[in-house]
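The values are calculated or read from the model by the stated rules, or taken from the named source; none is laboratory data. All values reported here derive from a predicted model rather than from experimental measurement. So basically every Cβ, Gly included, is an ideal-geometry build from the backbone, and we count neighbours across all protein chains shown. All accessible areas refer to the heavy atoms of the entire protein, side chains included, with ligands and DNA or RNA removed. Shrake-Rupley method; radii C 1.70, N 1.55, O 1.52, S 1.80 Å.
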6 protein chains.
Amino acid sequence: MARKANKSNVVAYPGKKAARPAEKPADTGVPRQDETKVMALDLPPGTLSPAMQAYFDKCREKLGFVPNVLLAYAFDNAKLEAFAAFYNDLMLAPSGLSKLEREMIAVAVSSQNRCYYCLTAHGAAVRVYSGDPALGELMAMNYRAAKLTKKQRAMLDFAVKMTNESYAIEEEDRETLRRAGFSDRDIWDIAAVAGFFNMSNRIASATDMRPNTVYHGQGR
Amino acid sequence: MARKANKSNVVAYPGKKAARPAEKPADTGVPRQDETKVMALDLPPGTLSPAMQAYFDKCREKLGFVPNVLLAYAFDNAKLEAFAAFYNDLMLAPSGLSKLEREMIAVAVSSQNRCYYCLTAHGAAVRVYSGDPALGELMAMNYRAAKLTKKQRAMLDFAVKMTNESYAIEEEDRETLRRAGFSDRDIWDIAAVAGFFNMSNRIASATDMRPNTVYHGQGR
Amino acid sequence: MARKANKSNVVAYPGKKAARPAEKPADTGVPRQDETKVMALDLPPGTLSPAMQAYFDKCREKLGFVPNVLLAYAFDNAKLEAFAAFYNDLMLAPSGLSKLEREMIAVAVSSQNRCYYCLTAHGAAVRVYSGDPALGELMAMNYRAAKLTKKQRAMLDFAVKMTNESYAIEEEDRETLRRAGFSDRDIWDIAAVAGFFNMSNRIASATDMRPNTVYHGQGR
Amino acid sequence: MARKANKSNVVAYPGKKAARPAEKPADTGVPRQDETKVMALDLPPGTLSPAMQAYFDKCREKLGFVPNVLLAYAFDNAKLEAFAAFYNDLMLAPSGLSKLEREMIAVAVSSQNRCYYCLTAHGAAVRVYSGDPALGELMAMNYRAAKLTKKQRAMLDFAVKMTNESYAIEEEDRETLRRAGFSDRDIWDIAAVAGFFNMSNRIASATDMRPNTVYHGQGR
Amino acid sequence: MARKANKSNVVAYPGKKAARPAEKPADTGVPRQDETKVMALDLPPGTLSPAMQAYFDKCREKLGFVPNVLLAYAFDNAKLEAFAAFYNDLMLAPSGLSKLEREMIAVAVSSQNRCYYCLTAHGAAVRVYSGDPALGELMAMNYRAAKLTKKQRAMLDFAVKMTNESYAIEEEDRETLRRAGFSDRDIWDIAAVAGFFNMSNRIASATDMRPNTVYHGQGR
Amino acid sequence: MARKANKSNVVAYPGKKAARPAEKPADTGVPRQDETKVMALDLPPGTLSPAMQAYFDKCREKLGFVPNVLLAYAFDNAKLEAFAAFYNDLMLAPSGLSKLEREMIAVAVSSQNRCYYCLTAHGAAVRVYSGDPALGELMAMNYRAAKLTKKQRAMLDFAVKMTNESYAIEEEDRETLRRAGFSDRDIWDIAAVAGFFNMSNRIASATDMRPNTVYHGQGR
């Protein structure tokens, strides 16, 4: 391998002009990360029920695309319906947790499990809901480095403990949440969201589910 | 603490007669593990829909009891319905995996997460479906010590890798399953069951969900 | 693999009638877990000393069988004698810990190491000594979920810390035991039992030692 | 806590209009992640040598800002000079590894150590050098999910093994790199870059070093 | 804290003359590591049997001291006798493994468990038996960095796997040992020694057992 | 493999006379650990600048040898100079930490990473600087077992937390150091030394760097 000379050897980071290079794909030697498949399993789409067709239409209308996780489940309409109902109740139904807080749990959990799909899709949701790009990055990189209220921190600590050593959770952990101001119903919701992404992260990794490219730019 | 003398000091294990002692609770000094609560969260039961009432009735008729996980969700009928639909599709719908195999995945995953509720309830299911008490114990204690077909072993290895390091799953792991005889649809089902119990284990531990006592004796 | 239809698709758990199926071995597709070998090493039994013959006879008389761990050591009478003496002093000699408490340590430690032999044999001992099947299961599955006195919990926490990160034990950990009511002599005994099963678990796993089948049903 | 109603309860992800909300800071309840401090240690800037002043000027001219890591070291000019010389040789000197490849190692290593500073600053560098935003995200989230040449993958596998279990690296690991096409000199460079970020990640986390906000938007 | 000036700032390591400083204890500020207690538990010595008295006398005559592990057990003559018999059979009885090899296992295992007592006492034994100080250091620091025969390496890999993940040992691991030239009897002995030190390491750490100072200088 | 008989089967440890055996290499069957290579990479030495030549001469004069880490870097004079400048500022420049304390951090960190090179070279430095051989061993084996001031213990706890879970360090950890008496400048130095050895350990392991044999005997 030939030594690659480097002209401007003073500053480590590329200058501004480099920020929009025209001919990158040709010379970096790294393959382009264009996601064209929904997942690694070859499961042809099944027949969608009218309800699911309407759901997909609504996604296209409101989001501009159907999230790949839904396309992944579309091989079996019954599974898709069960998943969508379960997911929408979890993330959208009334709760003591705001939708942003539920997304923060989603990303903090997905960070522990290093799930590319969920970090990308729900990292975008945190950026969009909060209007704060750095918050999305912090949830994905290390939630401990974020500036949070004590209550939010307690919520994420519980979700992450559930992720990494659920067998060690005891009454004391629930009491910590209660002291932080969460009701028993809120604790259920924290547990339900954290549990759910421990499922989704694993199914996404097991099937190599790929996030829609559009997520990368949302809320930046 | 007084030294407790020990009369029969040759054999370490208690003799046969000791197997059904009459007065244990009084003298062991260890509290009786009688489960009277469904979980540690105080969530009063909500109003069940007719469908869910019928479901509970069917449980009582067929099983003799309503599994505590369903009672735990009963504080919110919408959540209960979403959970029951999702669960029943997963564990009972037609699949390339037998119901026993799905229960074996459930227990092997729950063993990694040390979930008392799921190990007890699904350990019972493995014993009952297989008619082999030792198989249930092996799934709960260390599935690697069980005598399995290569295909079943590959299935459990994948489920356990999903549990412990899902971020490290790659095409090679899926190829191993295909070579063992699983279709892509089967792989989805393995991933879905393993993913689900990674959720359920964590929700059960987070809420200290307790298994119905009756499970302990089933299939012994 | 053909899709296996499922007639009763409402209730996930098998009904009562299924609890004693007659023809399981034929149709589950999972090999029967019948243990016929003592361990995976091929070591022909040596000549037992009269003392060891008497010990085996006593086992057969009192327990109805010779525990496989003793049969495993029987290839070398000197090793068998050293092991039996060491073991019996540990588990049966007078101590501030009751025999049940020593067995609880044995099972909690074996759970960390996922040792099939010791979980089975000593799980049975916990059930029999306590008369409480759930206690045996809790020690094997997750001792943190058990209802225990503070003193018993401190004892098991110490034993499990010894198992998982013995290098991190410090005076503070011993002080916690003393404050819970244990004498220095008791602490030695806790350490000795926890240490011993960290040895036995590993030897059993290294040699694939198999528990006598009879243990599975004891104390249920 | 009052239940927060949710009007559009069909689609989980926020619609396009939500992408640029005007009034977020007011109503999310999550503090704004505005980084105003360079790090958590209170070390007043020292007197810069003319060489270091010129270096900072060049940064401002070429990048538009001085990277916070340099400001962090500025409390002691000797340390700043030693760090800058060491860093610039590592990342900019001629090497068999391209600058992009070195940045990819930087990010993959920083992902293991969950270092907010380095993931942000070097994630930006990967996006800019490659012109591929998804590549930067993949290095930060889970490099195993990226589409890479076999050689690049071998490079990152070695860097990550160095990060997580350097004590287990053996001749076989170096041989794998050689077979992938790396020279011994290249292996040194891989090791040097991976080693360096294992240092930087830890110093950044130990001092809570904060990345310049501008990085978040670069190369998106 | 005043800045401590440093006169000779070119070479990082102290010069030869520094190798035997006269006045260290006074000025380093680090307490002297003089071991005066056998362990942290306060257990007064019991009455030794004539056999154990003779054993201690033999230790003093041959080694010049009684190893502290024996003094630790001396609070109870029965335990001391059981331990000594078990230990001496293990480490000194005829075996396919040389005494040096058994000590190498002891140290490699103790390194995983970071046991100060066993690393010191058995590290000395490796140095003395082998006449190679570097071998003792390598076993204590990282056995993978040592120059070993393939057979010895297989032996230590098995012992270390037993230590760190005994639950994952399977027939394949035993087959690896057999292919390396070990008989089933040898495998038992490897397992027995590795198992034993997993016990001893933990008892030593649990009781803060301190090695006799004389070990530090042996075989250097 | 023939059973190796053992004449003196009472005492486990070799007697005094065995301490300086004449003919070991022949009969132990374990290869001699003579280090003749600097590292596993084949990188021919480059041309040293006069400054580096003088530095090597000074090493030979003061230490009697050139540390192998410097010889390893000598393939590229620019890298050697950058490394030496960085290293010497770190370990020898004025600091609130004594040189011994910096070496203690070096060894405690290297112990976590099991780096043979650094444990050997810096273990020697701790023994020589402190005049206490046991202190060097304790840093290498398990710093938690050492007798230290509270301040030194806090310093090492921080360095080890940085090593094992740097992502979990928070303001509370820095506050603990401040309360123990460290200034913010001292905290930087602790972080810088701990960070550095996390780099060096990994580069040494990645290249199989071998310590100069002379270190083994220093300060014993």
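Where the alpha-carbon atoms of segment B:21-143 are placed on the principal axes, they occupy 47, 39, 28 Å, in descending order.
Which pairs break 20 Å Cα to Cα here: B:Lys161/C:Lys147; D:Lys150/E:Lys150; E:Lys147/F:Lys37; E:Lys99/F:Lys37; C:Lys79/E:Lys79; A:Lys99/B:Lys79?
Numbers: B:Lys161/C:Lys147 32 Å; D:Lys150/E:Lys150 30 Å; E:Lys147/F:Lys37 13 Å; E:Lys99/F:Lys37 30 Å; C:Lys79/E:Lys79 17 Å; A:Lys99/B:Lys79 17 Å.
Distance filter (> 20 Å) returns B:Lys161/C:Lys147; D:Lys150/E:Lys150; E:Lys99/F:Lys37.
Quick check for me: using +1 on Lys/Arg Cβ and -1 on Asp/Glu Cβ, what's the dipole size of segment C:152-220 about its Cα centre, in debye to the nearest 20?
Numbers: 9 positive and 11 negative charges, 90 e Å.
That gives segment C:152-220 a dipole magnitude of about 440 debye.
Between this copy and the others, label points of B:Phe65 are 2.8, 4.9, 6.0, 6.0, 7.0 nm apart in ascending order, each placed 7 angstrom from Cα in the Cβ direction.
Distances between equivalent label points of B:Gln53 across the copies, with each point positioned 7 Å along Cα→Cβ, amount to 3.6, 7.4, 8.6, 8.6, 9.9 nm, shortest listed first.
One quarter of the convex hull surface, Cα atoms only: what value does that give for the protein assembly as shown in nm²? Hull-based average projected area comes out at 49.1 nm². Distant-in-sequence amide contacts of C:Ser95, defined by a placed amide H-H separation under 5 Å and a gap of 5 or more residues or a different chain, comprise B:Lys4. Between B and A, buried accessible area from a 1.4 angstrom probe totals roughly 3800 Å², ignoring ligands, DNA and RNA.
Taking 7 Å steps out from each Cα toward its Cβ at C:Phe65 and F:Arg32 produces label points 5.6 nm apart.
Let's test the formula: R0 of 41 Å, r as the Cβ-Cβ distance of D:Lys151 and A:Thr213. What FRET efficiency results, to the nearest 0.05?
Numbers: r = 26 Å, r/R0 = 0.62.
It comes out at approximately 0.95.
The rotation axis that maps chain E onto chain A passes nearest to the beta carbon of this chain E residue, listed with its distance in whole angstrom: E:Tyr167, 8. Taking every DSSP helix (H) stretch of at least 4 residues in chain A, weighting each as -39,500 (n - 2.57) and dividing the sum by the residue count yields a mean residue ellipticity at 222 nm of -18000 deg cm²/dmol.
Across every pair of different alpha-carbon atoms, what Kirkwood hydrodynamic radius in Å does segment D:90-220 reach? All intermediate terms of the calculation are to be shown ahead of the outcome.
Working: mean 1/r = 0.0683 Å⁻¹.
Its Kirkwood hydrodynamic radius stands at 14.7 Å.
In nanometers and ordered shortest first, the copy-to-copy spacing of the D:Asp34 label point, defined 7 Å from Cα toward Cβ, is 4.1, 6.1, 6.1, 6.9, 7.6. State log₁₀ I(q)/I(0) for chain E at q = 0.17 Å⁻¹ as given by the Debye formula over alpha-carbon point scatterers of equal weight, solvent excluded. Values, matching the q order: -1.24.
With r defined as the distance between the Cβ atoms of C:Asn164 and A:Asp57 and R0 fixed at 56 Å, what FRET efficiency is calculated, to the nearest 0.05? Show your work: numbers first, answer last.
On the way: r = 53 Å, r/R0 = 0.94.
The pair C:Asn164/A:Asp57 has a calculated efficiency of 0.60.
To two decimal places, what compactness ratio does segment A:40-112 give when its Cα radius of gyration is scaled by 2.2 N^0.38 Å? Intermediate values should be presented prior to the final figure.
Working: Rg = 13.8 Å, N = 73, 2.2 N^0.38 = 11.2 Å.
Cα-based Rg divided by the globular estimate yields 1.23.
Step by step: find N for segment B:113-166, compute 2.2 N^0.38 Å, then divide the Cα radius of gyration by it. What's the final number? Write out the running numbers ahead of the final one.
Values: Rg = 11.3 Å, N = 54, 2.2 N^0.38 = 10.0 Å.
It is 1.12.
Taken one residue at a time, the phi angles of segment E:44-53 give Karplus couplings (6.51, -1.76, 1.60, θ = phi - 60°) of x, x, x, 8, 7, 5, x, 5, 6, 4 Hz. Gly and Pro are set to x. At the listed q of 0.12, 0.18, 0.22, 0.25 Å⁻¹, the Debye profile of segment B:163-220, built from one uniform point per Cα, gives log10 I(q)/I(0) equal to -0.47, -0.79, -0.91, -1.01.
Mean partner shielding of peptide C:46-55, defined as the number of other chain Cβ atoms within 10 Å of each residue Cβ, is 0.
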